Amino acid sequence: MIREEVFDLRKSLFWLTLASVTLLGLWWPTMTAQAQSENVQQVEIREYQGEKLDSADDFRENSIKGVQRIDPEAYLLTIDGLVEQTQSLTYATLQEMPRVKKLVTLHCVEGWSVTALWEGIPVSDLLQQVAPTAAAYTVIFHAHDGYTTSLPLNTIFERNLIIADRINDITLPPERGFPFQLVAEDKWGYKWIKWITRIELSNDPSYRGFWESRGYNNDGDLSGSMFGP
């Protein structure tokens, strides 16, 4: 009787082990492929068209309230002000819009710079959807942490500026402004607003953002002074 029970136990263990191995064989390739796919997607490129790229980790943290972490499922980008049709766009909706890549260097007033490949949505495409009124002159960008900055409407269109959600072929990290950072080429770094949540159309050409109201030049041009009107 005891020998029969031992035999039955061994047989049960055999079939249990065989089932486990079979399931592992089915599960492991799928999980491995998924992990490899995720890793490939998040490999940061360091060269583009023969140009060396800096890393997304080379930026210095100098935001006014620390790194903001935004849930993409709850995110809304509101575009309002002097427009014919206010819009609030989800992150998923924004991902479906046409995209542009740009190789641009950010120059900070602190004396450092970073060259990266930015990918995102032309701001002009977003503005065309809401139809700015004839009185609109200034585009004011608002961030999740309360930071603001502005640029003339014609600058947005002439330079085809983008809000980027990818850098060096990886998703923009929270430290870099996820879900969107303005790529304000040829402007000082304080114009490169991160964690954008609102784009407001205004008729006020003298609007001054966070740092501009503290003495930095409102134009923000690299070719001009960083301080002044």
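Could you check how many residues of the stretch 137-173 are crowded, with 16+ Cβ neighbours inside 10 Å, in a helix (DSSP H, G or I) and charged (D, E, K, R)?
Final tally of qualifying residues: 1.
Could you list, in sequence order, the residues of the stretch 47-81 that are part of a strand (DSSP E or B), under 24 Å from Gly146 (Cα atoms) and not hydroxyl-bearing (Ser, Thr, Tyr)?
Leu76, Leu77, Ile79, Asp80, Gly81, listed by residue number.
Among the residues of the stretch 201-229, write down those that are free of Cβ contacts under 8 Å to residues at least 40 places away in the same chain and not in a loop (DSSP other than H, G, I, E, B).
Matches in the stretch 201-229: Ser213, Arg214, Asp221, Phe227.
Can you find even one residue in the stretch 221-228 that is surrounded by fewer than 22 Cβ atoms within 10 Å (Cβ to Cβ), at pLDDT 95 or above and among the aromatic types (Phe, Trp, Tyr)?
No, every residue in the stretch 221-228 fails to be surrounded by fewer than 22 Cβ atoms within 10 Å (Cβ to Cβ), at pLDDT 95 or above and among the aromatic types (Phe, Trp, Tyr).
Within the bounds of the stretch 102-119, is there any residue that is in a helix (DSSP H, G or I), among the acidic types (Asp, Glu), over 17 Å from Val183 (Cβ atoms) and assigned by TED's automatic domain parsing to the domain that holds Arg159? Give the derivation first.
Step one: list which residues in the stretch 102-119 are in a helix (DSSP H, G or I), which gives none.
Within the stretch 102-119, not a single residue is in a helix (DSSP H, G or I), among the acidic types (Asp, Glu), over 17 Å from Val183 (Cβ atoms) and assigned by TED's automatic domain parsing to the domain that holds Arg159.
If I go through the stretch 174-198 residue by residue, how many of them are closer than 15 Å to Lys102 by Cβ, charged (D, E, K, R) and assigned to a strand (DSSP E or B)?
Within the stretch 174-198, residues that are closer than 15 Å to Lys102 by Cβ, charged (D, E, K, R) and assigned to a strand (DSSP E or B) number 1.
The values are calculated or read from the model by the stated rules, or taken from the named source; none is laboratory data. Since the structure is predicted, the reported quantities are computational estimates derived from the model, not experimental observations. A quick note on method: Cβ atoms are made from the backbone with ideal geometry, for glycine too, and the neighbour counts reach across all protein chains shown.
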